[in-house]
Amino acid sequence: MIVPRTSRAEIMSKLRKKMDQRIPIFIASAGSGLVASLLEKAGADCINTFSGARLRANGMGTMAMMWPILDSNKQTLDYTREDIMPAIKGDSFICACLNANDPLKDMRMVLQQCKDMGVYSASNIGPSISYVDKDSEIFKVLTKSGITLDNEIAMLKLAKEMDMVSVGLGFDEEDSLRIVSGAQPDLFCFHAGTTKGGLKGYDSGETIEQTATRSEEVYKELRKISPDVILIAHGAALENPVDAQYILNNTSCDGIWTGSSTERIPIERAVLSTAKEFADLRFPNS
């Protein structure tokens, strides 16, 4: 197996070409090689790997990655190298979502490992402190212990210095502004919240109209800081292609990032439906 290689210049050229043609950029998560190969075949520009996607592939919710049940960076590096990279042909580029707050790893070495396996893009969501509500006690405890957004910003800056495509992500306007201002990422995704739908989704009750409105409020502020940043939409009520089209119609984003929407939910539906048909079979005359 020879894993295809790319470069920052090639990736950015492809993305800018799509933007010039007014074609939405499509990013999607994969927790297995099978999903990655299908996403690439479907036309995904970027396939991202992270511990949450790997856990989703095992039937857990994405946010299970917030618990100390695995070494997030090791999990991401291992399955990206062993499952994802051998499954792709090179039409999609891979973005590794890393835990920049890992006290046991030098992020320069982690990023170099990514490049060595053919991954030329990195993001700060594996997981990010931005997932945690700022008014919570756990947020105060985590930041006091040194788990901060500053470390994530530093990692994104380092990724660009190492000639990688940096993909920032934040859950609220404050973090979004800090990341784009401090790291100047190539792409930025406003994460509107955990995706609803399926067996493990979380439905906050927000409508797609509300998700679009919240996202656009952030995009307008980010454009003031970095007019050239590529803005991506993700999460909350953005569950299916109809929702995604609404986002494209009603915000100034440049593309869509799917997680559960093109991974967990379709697998749940297809496997359950097909397996049920087999389970319902009966012998003749019984």
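The values are calculated or read from the model by the stated rules, or taken from the named source; none is laboratory data. The shown structure was predicted, so the numbers you read here are calculated from the model rather than taken from an experiment. Positions of Cβ are backbone-derived with ideal geometry, glycine not excepted, and every protein chain shown enters the neighbour counts.
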| message | One residue is enough: does the range 230-239 have a residue meeting the conditions charged (D, E, K, R) and in contact with a Leu (Cβ under 6 Å, 6 or more places away or on another chain)? | response | no
| Test for Asp78: is it assigned to a loop (DSSP other than H, G, I, E, B), charged (D, E, K, R) and surrounded by fewer than 20 Cβ atoms within 10 Å (Cβ to Cβ) | no
| task | Give just the number: which of (1) in a loop (DSSP other than H, G, I, E, B); (2) surrounded by fewer than 20 Cβ atoms within 10 Å (Cβ to Cβ); (3) modelled with pLDDT of 95 or more does Ala100 not satisfy? | result | (2)
| said: One residue is enough: does the range 148-167 have a residue meeting the conditions under 17 Å from the mean Cα position of the chain (by Cα), modelled with pLDDT of 95 or more and part of a loop (DSSP other than H, G, I, E, B)? | reply: yes
| task | Kindly indicate the residue of the range 19-40 that is of a type in the set (S, T, N, Q) and surrounded by 18 or more Cβ atoms within 10 Å (Cβ to Cβ) and also farthest from Gly259 (Cα to Cα) among those meeting that condition. | result | Ser37
| query | Only one residue in Arg5, Arg16, Arg54 is without any contact (Cβ under 8 Å) to a residue 40 or more places away in the chain, basic (Lys, Arg) and either surrounded by 18 or more Cβ atoms within 10 Å (Cβ to Cβ) or in a loop (DSSP other than H, G, I, E, B) (or both). Which one? | reply | Arg54
| Which condition does Phe93 not pass, out of (1) farther than 19 Å from Leu142 by Cβ; (2) free of Cβ contacts under 8 Å to residues at least 24 places away in the same chain, if it passes all the others? | (2)
| Among the residues of the range 161-178, how many are touching a strand residue (DSSP E or B) at 6+ places or on another chain (Cβ under 7 Å) and more than 20 Å from Ile94 (Cβ to Cβ)? | 3
| request: Filter the range 229-272 down to residues that are surrounded by 19 or more Cβ atoms within 10 Å (Cβ to Cβ), part of a helix (DSSP H, G or I) and of a type in the set (D, E, K, R), then give me how many there are. | output: 2
| Single residue of Ser130, Ser136 found to be over 30 Å from Pro86 (Cα atoms), of a type in the set (Gly, Ala, Ser), surrounded by fewer than 24 Cβ atoms within 10 Å (Cβ to Cβ) and touching a residue at least 40 places away in the same chain (Cβ under 8 Å) | Ser130
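Can you confirm whether Ala122 is within 21 Å of Thr6 (Cα to Cα), of a type in the set (Gly, Ala, Ser) and either in a helix (DSSP H, G or I) or at pLDDT 95 or above (or both)?
yes
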| query | In this structure, does Ile47 turn out to be under 18 Å from Gly168 (Cα atoms) and assigned to a strand (DSSP E or B)? | reply | yes
| remark: Residue set Ile84, Ile27; condition modelled with pLDDT of 95 or more, out of contact with any helix residue (DSSP H, G or I) (no Cβ under 6 Å at 6 or more places or on another chain), among the β-branched types (Val, Ile, Thr) and on the phi < 0 side of the Ramachandran plot; output residue Ile27
